[in-house]
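The values are calculated or read from the model by the stated rules, or taken from the named source; none is laboratory data. Bear in mind the structure is a predicted one, so any value in this text is a computation, not a measurement. Every residue, glycine among them, receives a Cβ derived from its backbone with ideal geometry; neighbour counts consider all protein chains shown. When the accessible area is computed, the model is the full protein with side chains, heavy atoms only, and any ligands, DNA or RNA have been set aside. Shrake-Rupley method; radii C 1.70, N 1.55, O 1.52, S 1.80 Å.
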Amino acid sequence: MSTSISYEGVEKVFHGKNEVRALKNVSFAIEPGELFCLLGPSGCGKTTLLRCTAGLETLTDGKIFYGDTDVTNIPPFLRNIGMVFQNYALYPHMTVFENVAYGLRVRGLSAGEIKERVTEIMDLVGLGEILRRNPSPKALSGGQQQRVAVARALVYNPTILLLDEPLANLDAKLRRYMRAEIRRIQKATNITTIFVTHDQEEAMAIGDRLAVMKDGYVKQIGSGEELYHNPKNLFVTGFIGEINFFTGAITEKKDLSYAVQLKAGNGVLKGIPRITCDETSELVPGCEVVVAFRPETLVVQPFAREGILSGRVQIIQNLGHIIRYTIIIQEDGEEKTIEADMAHKVEGVGEGDMACVAFDFANGFLFPQRGEE
């Protein structure tokens, strides 16, 4: 039966010459059977939170619950967790069968039970044929080794599965395949799972919900769709998906409509932007702001002097499903690179040419400008 995981005011400080607050007042809950991703840049605290969840790190403050059970001070070997590390940690001197069976032998199961459980779990991860050959893990590909590691973590029916960047050592094509496999396996077992990654595409593809972390804080939690379309702050806006930021100042506000004088180009954006942040009281005339546009919401057009924003096309990339234009503009006297994605190549606009960029303010996110983001 699946269980929830709850964090209440979790803090983790690493003491030493340079004290590090790795986790800062982390409080949220993971639902039973959920595949939950911890996402963020290196050093944000995601692996520390995973290790605290496993009991491999001692909390400085706060509590962690598995369901209604406070596991804060329970050692790892009593938590019934399965864990897969980045390097898989398979035993090279053992066969595939012995690697997967190891945890069952430690738990004292009979030979018949062990064979049945190992066969069942290896079929689940799609390695039934590998088990019949039963080679050393050294004879397997990276993707096969990764699935053996997952099988070993699942074979004794853990309450919780913890995955610490398990796809980091695979090539791009295999990573795409294996993230789909991990989601398939997790949904088949319905084990509450935490998946740590710094790859936002991977997290959005695999997770039911994501927690985006920065500097030990959880900045926002939601589904990939929620984080992409309704980011609550500039950090999440920039970390999830591609984005272009433009600075400016509010010159006029009437009801839900704003006018923003951009520092880039010579134009004013007018209309009703998307406001997804909570600091709406700061969005008043005179306020310095940031307007953010996804590349797919910008439109590249042939150069015209009356255009709101113009720049020089640096490079055009045909990515199959879209044509990506990288354009150099001037903002506050400095060069800045932006990207716009078009369905087709724009006639009369080539690399090195001047071009205009058109905006629809309704597709832009509006945030108060803050240095910490």
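Numbers for the structure displayed
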| item | result |
| --- | --- |
| Anchor Lys253: aspartates and glutamates whose Cα lies under 16 Å away (excluding residues fewer than 8 positions away in-chain) | Glu279, Glu282, Glu288 |
| Too-long pairs where the Cα-Cα distance tops 19 Å, listed order kept, from Lys17/Lys63; Lys24/Lys63; Lys12/Lys63; Lys232/Lys270; Lys24/Lys214 | Lys17/Lys63; Lys232/Lys270 |
| Calculated [θ] (222 nm, deg cm²/dmol) that DSSP helices of n ≥ 4 give over the chain, each run adding -39,500 (n - 2.57) | -7000 deg cm²/dmol |
| Karplus 3J(HN,Hα) series, Hz, for the range 122-135 with 6.51 cos²θ - 1.76 cosθ + 1.60 (x for Gly, Pro) | 5, 5, 4, 8, x, 10, x, 5, 4, 4, 5, 7, 6, x |
| Listed residues Val284, Val100 arranged by accessible area, highest first, probe 1.4 Å | Val284, Val100 |
| Magnitude of the charge dipole, the range 70-208, Cβ model with Lys/Arg +1 and Asp/Glu -1, debye to 20 | 360 |
| Distant-in-sequence amide H partners of Cys287 (H built 1.01 Å from N, under 5 Å) | Ile250 |
| Between 0 and 90°, nearest 10: helix 142-154 axis offset from the chain longest Cα axis | 60 |
| For the range 117-181, size of Cβ-based charge dipole, Lys and Arg +1, Asp and Glu -1, in debye | 160 |
| Distance histogram in 5 Å bins (all Cα pairs of the range 121-161, percent per bin) | 6, 24, 34, 22, 10, 4, 0 |
| Where the chain is the region considered: accessible area per residue in Å², 1.4 Å probe | 47 |
| Top positive-direction residue, dipole computed over the chain with Cβ charges, set Phe235, Gly33, Val118 | Val118 |
| Highest-first arrangement of 322-332, 145-155, where packing means the average Cβ count within 10 Å | 145-155, 322-332 |
| The chain: angle of helix 96-106 to the longest principal axis, Cα-based, in degrees nearest 10 | 70 |
| Integer Hz, Karplus 6.51/-1.76/1.60 couplings in order for the range 192-202, x for Gly and Pro | 4, 10, 10, 10, 9, 7, 9, 9, 5, 5, 4 |
| Relative contact order [Cα under 8 Å, 6+ residues apart], the chain, whole percent | 15 |
| Modelled FRET efficiency - R0 30 Å, Asn134 with Arg184, Cβ distances, 0.05 increments | 0.80 |
| Which label in (i) 168; (ii) 178; (iii) 129 gives the computed volume of the Cα convex hull per residue in Å³ | (ii) |
| The range 76-173: chymotrypsin sites (Phe, Trp or Tyr not before Pro) falling in loop per DSSP and having at most 15 other Cβ within 10 Å | Phe85 |
| Integer Hz, Karplus 6.51/-1.76/1.60 couplings in order for the range 64-69, x for Gly and Pro | 10, 10, 9, x, 9, 9 |
| Farthest positive-ward along the chain dipole, Cα basis, beta-carbon charges - from Gln146, Leu59, Phe14 | Gln146 |
| Dipole magnitude (debye, nearest 20) for the chain, charges at Cβ of Lys, Arg, Asp, Glu | 1220 |
| Order by protection proxy (mean Cβ within 10 Å, highest first), peptides 289-295, 5-11 | 289-295, 5-11 |
| Cα centroid of the range 177-238 to Cα centroid of the range 67-86, whole Å | 21 |
| Segment Asp61-Arg312, length gained on full extension (0.36 nm per residue, minus Cα span) | 85.1 nm |
| Using alpha-carbon coordinates, inclination of helix 172-189 to the longest axis of the chain, degrees | 60 |
| Cβ-derived FRET efficiency at R0 56 Å, Phe14 paired with Asp123, nearest 0.05 | 0.85 |
| Other-chain or far-sequence residues with amide H under 5 Å of Ile315's (modelled H) | Thr326 |
| For Val71, residues with placed amide H under 5 Å, excluding near neighbours | Ile64, Phe65, Tyr66 |
| Beta bridges by DSSP in the chain, antiparallel share as percent, to the nearest 5 | 75 |
